[in-house]
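Step one of this worksheet: look at the structure below.
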Amino acid sequence: MKTLSFLHRWAGGIIGLLLALIGLSGAALVWEGEWINLPGSGDPVIERVDVLAEVSERAIAAGATRITFASEEIGLHHAAYPGGAGAYFRQDGSISVSWSSMWERPEFWLFDFHHHLFAGETGETITGIAGLAGLLFVVTGVILWWRSRRAYEFRLWPRRFQPGPIVRHHRDLGILIAPLLLISMLTGIGMLYQDAARAILGGTRTSPAPKVEEVVSTEPAAIGQMLTSAKAQFPESMIRRLTIPSKPGTAYSVRLRQPSEWTPNGRTTLYFDATGTLLRTDNPLRGPTGDLVIEKLYPVHSGKIGALPGNCWCHSPALDWGCSGFWQSIPFGFGRSRPDDGAGAPPTSLK
């Protein structure tokens, strides 16, 4: 047990700062719909296919690679351009705001940090390793808490900002948050390691987008026809995203959210060529049970279910990672700590 406590404490102290930053950035992203305050961001969603097509055509003409349409969370259409540039369009087609770099919009650099640590695939790998470590911290923390369970005391704040009281607070508050931390870690790891998740849950491997014949044409792509066709295929769904081919020979894709899908932008995907001809339809609701579970990883991880309660449950473990990680990583968190007055058992930490 002493060895487990030593490894938990020192590994948590070393990795705690990274987990804290990931947790705090995630907590901020949970509430992005509340703090993004732009003209039109609070407008109710009115889905008109002709207006969506018009906005898409304007954005594509300006070089957009992807258009995500307005949602209940943010009532603006988001056009993404190469190099992190982009623009928000109001639902009447006017531009609310535009930017030339992701650093001009906090929601995008926070997202990039939370997922990639500003380091692309390398950062994503590091985030995955940190997530696996966090999962181990939760499990070992619960084991270490058990030996001192009789000294449990609920506190929202440490009694004193000294090593002993901080570790005790970390231990006793952490056991309450442990179930939420497990869900947060497992869903995050499942999204990063999707092939492994599919193998474990029995999901199907994602098929690449269909290839199309390369044809030189001066005519613009039939965006309106694509969106109209997609809506006709799934009339009760919401059109969520249009993705433009990044290279010749690949298809356009339209993503929709069916009523029973949890993912905000849906997983139902239809592929088209430039003339608007439907090439393939991917309907996750017709796949095996594993696909239905995988579809729910992101909305559960990000609190995109249950409106305000969902945000709160997701915010709690993220904030706990943040506070605990910072406290355990500051210098006095590494030192030998004395039990807090009345603690009864040696303090342990729970990440």
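Read-outs throughout are calculated quantities, based only on the coordinates presented, and are distinct from any laboratory measurement. Values in this document were obtained by computation on a predicted structure and should not be read as measured data. Here the Cβ positions follow ideal geometry from the backbone for every residue, glycine too, while neighbour counts run over all protein chains shown.
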- Message: Run through region 1-71 and list the trypsin sites (Lys or Arg not before Pro) located in a DSSP loop whose Cβ has at most 14 other Cβ atoms within 10 Å.
- Response: 48
- Output ³J(HN,Hα) for region 71-79: one whole-Hz value per residue in order, computed from phi by the Karplus curve 6.51 cos²θ - 1.76 cosθ + 1.60 with θ = phi - 60°, and x for Gly and Pro. 10, 5, 6, 9, x, 10, 7, 10, 9
- Task: Can you grab the distance from the C-alpha centre of region 122-171 to the C-alpha centre of region 14-78, Å, no decimals?
- Result: 33
- With labels modelled as points extended 7 Å from the Cα through the Cβ direction, what inter-label distance (nm, one decimal) is found for residue 48 paired with residue 281? 2.7
- Read-out percent of Cα pairs over 37 Å apart, candidates (i) 29; (ii) 20; (iii) 11; calculated match is (i)
- Query: Which of the trypsin sites (Lys or Arg not before Pro) found in region 173-266 are loop residues per DSSP with 11 or fewer other Cβ atoms within 10 Å of their Cβ?
  - Reply: 205
- Most exposed first by the Cβ proxy, i.e. fewest other Cβ within 10 Å, how do 111, 118 rank? 118, 111
- Item | Burial ordering of 189, 126, fewest other beta-carbon atoms within 10 Å first | 126, 189
- Taking the Cα centre of the chain as origin and charging only Cβ (+1 Lys, Arg; -1 Asp, Glu), how large is the dipole, in debye to the nearest 20? 1720
- Quick one: which residues, 5 or more positions from residue 278 or on another chain, have an amide H under 5 Å from its amide H? H modelled 1.01 Å from N in the peptide plane, none for Pro or chain starts. none
- Note on the structure: With x for Gly and Pro, the residue-by-residue ³J(HN,Hα) of region 169-181, computed from phi through the Karplus equation 6.51 cos²θ - 1.76 cosθ + 1.60 at θ = phi - 60° and given in whole Hz, is 4, 4, 5, 6, 6, x, 5, 6, 8, 3, x, 5, 5
- Final fewest-first order of 246, 148, 56 on the 10 Å Cβ neighbour count is 246, 148, 56
- Which length gain, in nm to one decimal place, applies between residue 34 and residue 154 when the Cα-Cα distance is subtracted from 0.36 nm times their residue separation? 40.2 nm
- Item | Long-range HN-HN contacts of residue 95 with modeled amide H, under 5 Å | 90
- Spacing of the two label points (7 Å from each Cα toward its C-beta) at residue 232 and residue 99, in nm: 3.9
